[in-house]
Amino acid sequence: MTQLKKPRPEFRNINAFTDLTTYRLPLAGWVSILHRVSGLLMFLLMPFIVWLFDTSVSSEISFDSFTAAFGVGIGFVPGWFVKLVALALIWAYLHHLLAGLRHLYMDATHSVTKSFGASSAQVVLVLSIGLTLILGAKLFGLY
């Protein structure tokens with residue numbers, strides 16, 4: 001005997017007002033969206049990245065102002081906010097790197113199965129968040 005199960009809903013044309021509340025994006029979809037978000041974040045923070053690099057390697061005096069930016073801040077921006085922006089930049093770089101390596105591996109080996117996509121997406125999220133927490137603890141002086 002076969003048991004009658006409730007048929008699974010099909011989402012062909014997603015209506016933003018009625019279907020988005022019930023639609024569950026798979027983990028690989030979240031990693032793909034976050035890959036784009038992290039790339040945009042790194043692009044938007046490019047002036048900050050250039051300033052960080054320039055002040056950290058120019059001279060000893062500029063390096064002191066670089067380290068002071070994380071303690072007392074820059075102008076009217078407090079130091080804790082500068083640290084949060086740097087932490088967001090750390091996450092964006094790590095996530096973008098790991099998700100990019102995942103995409104390159106999938107392209108090179110033709111590993112485009114649903115199970116591999118889900119497991120590799122989980123690995124990317126765990127590694128990027130874990131490494132961000134470790135580096136963030138160092139940034140905020142916890143060790």
The one condition THR55 fails out of (1) without any contact (Cβ under 8 Å) to a residue 24 or more places away in the chain; (2) surrounded by fewer than 16 Cβ atoms within 10 Å (Cβ to Cβ) is (2)
Selection status of LEU104, surrounded by 13 or more Cβ atoms within 10 Å (Cβ to Cβ) and under 30 Å from PRO26 (Cβ atoms)
no
Pairs under 7 Å by beta carbon, first residue of a type in the set (Ser, Thr, Tyr) in region 84-101, partner assigned to a helix (DSSP H, G or I) and surrounded by fewer than 20 Cβ atoms within 10 Å (Cβ to Cβ), six or more apart or different chains?
TYR93/MET42
Within the bounds of region 22-36, is there any residue that is of a type in the set (Phe, Trp, Tyr), part of a helix (DSSP H, G or I) and either over 27 Å from VAL126 (Cβ atoms) or at pLDDT 80 or above (or both)?
yes
Residue hits (region 99-113; in contact with a Gly (Cβ under 9 Å, 6 or more places away or on another chain) and assigned to a loop (DSSP other than H, G, I, E, B)) are SER111
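The values are calculated or read from the model by the stated rules, or taken from the named source; none is laboratory data. Here the structure is a predicted model, which is why all the values come from computation and not from measurement. Heads up, the Cβs are rebuilt from the backbone with ideal geometry, glycines too, and the neighbour counts pull from every protein chain shown.
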